[in-house]
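Beneath this line is the structure, given in structure tokens, with notes to follow.
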Amino acid sequence: MGRQNLRPSYIEEGTEEARRQREAIARLKERGDAPATYYIVTMGCQMNAHDSEKLVGILEEIGAVASEKEEEADLVIYNTCCVRENAEQKVYGRLGYLKSFKKKNPRMKIALCGCMMQEKLVLNKLLKSYPQVDLIFGTHNLYRFPELLETLLDSQGRVIDIWEDKQEIVEDLPSIRKYPFKASVNIMYGCDNFCTYCIVPYVRGRERSRRPENILAEVRSLVADGVKEIQLLGQNVNSYGKNLENPITFAELLEQVNAIPGLERIRFMTSHPKDLSPELIAAMGRLDKVCPHFHLPLQSGSDRLLRAMNRHYDQAHYLDMVKRLREAVPDISLTTDIIVGFPGETREDFLETLNVVEKVRFDNAFTFIYSRREGTPAAQMPQVPAEESKRNFEELLAALSRIGYENNQKWVGRTVWVLPEETSKNDASMLSGRTAHNQLVHFTGGRHLLGQLTPVTITEATAFYMTGVLEEEAVRE
Ligand code: 5AD
Ligand code: SF4
């Protein structure tokens, strides 16, 4: 895996490229042998989820429909993640499973894309031992999917297209949103941080930001299309805009997005504590559409491990950021990412993590047992025994769920605004959605409320979700 330090002098949204892809889509629509059904499996983070929306957009545009069953689909796509090893094992397992179905259904094509494809070892293994895979592409050329699909249909063999890195940003392709009223928008790609455990910088390439005018145009057109909630996505949004021809900060971008009429809620992910600026904290307090929720990955509470992880902050800095965020937005909800079992982690290191968890009292956390990723610096460090990490991990989960439960109790009796997203599978009058603080709420309403900001009075809370009633009912009682 080559670590390159190419810096873009400027970034252009490739309209010429987008035009070529649209032409390929038009040709695919005309031919009779394009896939009629598809089944897509998305692993990993929000970025991948958003990439899958783009793939689905293209497939629906050429007339393909989602297949209920993976085994019966003409095109099966795995959009993979390589952050942890078990997600990779799952892909190999599924490929084995699909092999027999492919024999029965000769129309079936299998495509793989996403971060795993950017790993040379993985690619070699797939080429050598998994002949059932027909199409492989990576993270830098996802936008070429229409042309690649065409090539696949024209050729007898398999099609492989992986690029090491890409500075240009190509957008403006059809994408299908999972929800009509909320959408994600990429503001930057790649990561330059090289945390020692993480493979992302190697597979997603160097950090590059989209121009603000392109982001704003996309948000405006989404809002015109009925979107109320936007999530801005990047691996490290706090360093947004630094390398643009006309540099701009993330706080300035938020300010401009906040000014878009008709937009109701703005969320963003992910922030690195080392780059969290006073300017952004002030913007959080000032901008009315920015949700009072901040996801601030801690990873570890131990200064020694934070150094070994190459995180560029210590526990005191992290706690200071939390204090400032709470001063700016008093009831802000805080969520985090934590890794247990990083190489060399002792019980004392782990207790420092627990110490931060108790001090901050996170509303929610994504917790991970360290997974050794070949090619990263931490893979060469002395690993810790799995049983020890497992025990610490359980202890961490117990602390987080106790704190989550206690935090959520404070909402009981309060009325909150929920954006209902889905009806329950078993009961169409049961809706679920999220509050501005990003808590999951279930309540009885009706389909007509989907996508409408709705006042709900919380009646009960568990560690992970809350239940409530429509405010009118609460008032009537
Ligand atoms: N092992 C475990 N967790 C990891 N993460 C990233 N790399 C690894 C790894 N090798 C976690 C970090 C990051 C989140 C997206 O995934 O906590 O914030
Ligand atoms: Fe990985 Fe660190 Fe970049 Fe996040 S900031 S993607 S953890 S290298």
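The values are calculated or read from the model by the stated rules, or taken from the named source; none is laboratory data. Note that the structure is a prediction, hence the values are computed from the model and not measured. Here the Cβ positions follow ideal geometry from the backbone for every residue, glycine too, while neighbour counts run over all protein chains shown.
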Exercise. Would you point out the residue of the range 243-273, among those that are within 20 Å of the chain's Cα centre (by Cα) and within 16 Å of ligand 2 (Cβ to nearest atom), that is nearest to E213 (Cα to Cα)?
Key: F250
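Applying the selection to the range 253-278, what residues are closer than 30 Å to R307 by Cα and in contact with a strand residue (DSSP E or B) (Cβ under 7 Å, 6 or more places away or on another chain)? Reasoning before the result, please.
From the range 253-278, those closer than 30 Å to R307 by Cα are 267-278; that's our starting set.
Within the range 253-278, R267, F268, M269, T270, S271 meet the criteria.
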Practice problem: Look at the range 186-231 and say how many of its residues are away from ligand 2 (no atom under 16 Å from the Cβ) and in contact with a strand residue (DSSP E or B) (Cβ under 9 Å, 6 or more places away or on another chain). | Solution: 14
Self-check item: the range 197-215 - residue that is touching a helix residue (DSSP H, G or I) at 6+ places or on another chain (Cβ under 6 Å) and at pLDDT 90 or above and, of those, nearest to F268 (Cα to Cα)
Solution: P212
Quiz prompt | Count of residues meeting criterion [surrounded by 21 or more Cβ atoms within 10 Å (Cβ to Cβ) and in contact with an Asp or Glu (Cβ under 9 Å, 6 or more places away or on another chain)] in the range 354-369 | solution = 1
Practice problem: Report those helices (runs of 4 or more DSSP H) wholly inside the range 229-335 carrying at least 1 residues which are within 22 Å of W411 (Cβ to Cβ). | Solution: 278-286, 315-328
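If we scan the range 386-393, do we find a residue that is out of contact with any strand residue (DSSP E or B) (no Cβ under 9 Å at 6 or more places or on another chain) and within 16 Å of ligand 1 (Cβ to nearest atom)? Give the derivation first.
We begin by selecting, within the range 386-393, every residue out of contact with any strand residue (DSSP E or B) (no Cβ under 9 Å at 6 or more places or on another chain); these are 387-388, 391.
Add one more test, that the residue is within 16 Å of ligand 1 (Cβ to nearest atom), and what stays is 388.
The answer is yes, given that some residue of the range 386-393 is out of contact with any strand residue (DSSP E or B) (no Cβ under 9 Å at 6 or more places or on another chain) and within 16 Å of ligand 1 (Cβ to nearest atom).
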Quiz item: Would the range 388-408 turn up any residue that is modelled with pLDDT under 95, surrounded by fewer than 21 Cβ atoms within 10 Å (Cβ to Cβ) and of a type outside the set (G, A, S)?
Solution: yes
Self-check item: Among the candidates L263, L244, L254, residue that is hydrophobic (A, V, I, L, M, F, W, C), modelled with pLDDT of 95 or more and surrounded by fewer than 19 Cβ atoms within 10 Å (Cβ to Cβ)
Solution: L263
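For the range 445-465, does any single residue satisfy the condition of being of a type in the set (F, W, Y) and either buried (at least 19 other Cβ atoms within 10 Å of the Cβ) or free of Cβ contacts under 8 Å to residues at least 12 places away in the same chain (or both)?
Taking the range 445-465 first, the residues of a type in the set (F, W, Y) are 464-465.
Cutting the leftovers down to either buried (at least 19 other Cβ atoms within 10 Å of the Cβ) or free of Cβ contacts under 8 Å to residues at least 12 places away in the same chain (or both) gives us none.
No, there is no match, as no residue in the range 445-465 is of a type in the set (F, W, Y) and either buried (at least 19 other Cβ atoms within 10 Å of the Cβ) or free of Cβ contacts under 8 Å to residues at least 12 places away in the same chain (or both).
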Quiz item: Name the residues in the range 17-49 that are modelled with pLDDT under 90 and assigned to a helix (DSSP H, G or I), would you?
Solution: E17, A18, R19, R20, Q21, R22, Q46, M47
Practice problem: Starting from the range 48-72, take each residue that is under 17 Å from M188 (Cα atoms) and list its partners that are assigned to a helix (DSSP H, G or I) and modelled with pLDDT of 90 or more, counting only C-beta distances under 8 angstrom and pairs at least six apart or across chains. | Solution: N48/C115; K54/F145
Quiz item: In the range 201-231, what residues are more than 19 Å from K54 (Cβ to Cβ) and within 16 Å of ligand 1 (Cβ to nearest atom)?
Solution: P201, Y202, E207
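Would you be able to tell me the number of residues in the range 372-387 that are in a loop (DSSP other than H, G, I, E, B) and surrounded by fewer than 17 Cβ atoms within 10 Å (Cβ to Cβ)?
Residues of the range 372-387 in a loop (DSSP other than H, G, I, E, B): 372-376, 381-385.
Now narrow it down to the ones that are surrounded by fewer than 17 Cβ atoms within 10 Å (Cβ to Cβ): 372, 374-375, 381-383, 385.
Final tally of qualifying residues: 7.
Matching residues to (1) in the same structural domain as E358 (by TED's automatic domain parsing); (2) under 24 Å from the mean Cα position of the chain (by Cα); (3) without any contact (Cβ under 8 Å) to a residue 40 or more places away in the chain:
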| site | (1), (2), (3) |
| --- | --- |
| S371 | yes, yes, no |
| G375 | yes, yes, no |
| A378 | yes, yes, no |
| M381 | yes, no, no |
| P385 | yes, no, yes |
| R391 | yes, no, yes |
| S401 | yes, yes, no |
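Which of the residues spanning the range 341-367 are of a type in the set (A, V, I, L, M) and over 18 Å from H295 (Cα atoms)?
From the range 341-367, those of a type in the set (A, V, I, L, M) are 351, 354, 356-357, 360, 365; that's our starting set.
The one that is of a type in the set (A, V, I, L, M) and over 18 Å from H295 (Cα atoms): L351.
Just checking, which of P106, P131, P146 is surrounded by fewer than 20 Cβ atoms within 10 Å (Cβ to Cβ) and closer than 18 Å to P35 by Cβ? It would help to see each step written out before you state the result.
Numbers: P131 fails: closer than 18 Å to P35 by Cβ; P146 fails: surrounded by fewer than 20 Cβ atoms within 10 Å (Cβ to Cβ).
Going through P106, P131, P146 in turn, just one is surrounded by fewer than 20 Cβ atoms within 10 Å (Cβ to Cβ) and closer than 18 Å to P35 by Cβ: P106.
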Practice problem: Examine the range 287-298 for a residue that is within 13 Å of ligand 1 (Cβ to nearest atom), outside the structural domain of V83 (by TED's automatic domain parsing), at pLDDT 95 or above and over 20 Å from R84 (Cβ atoms), and state whether such a residue exists. | Solution: yes
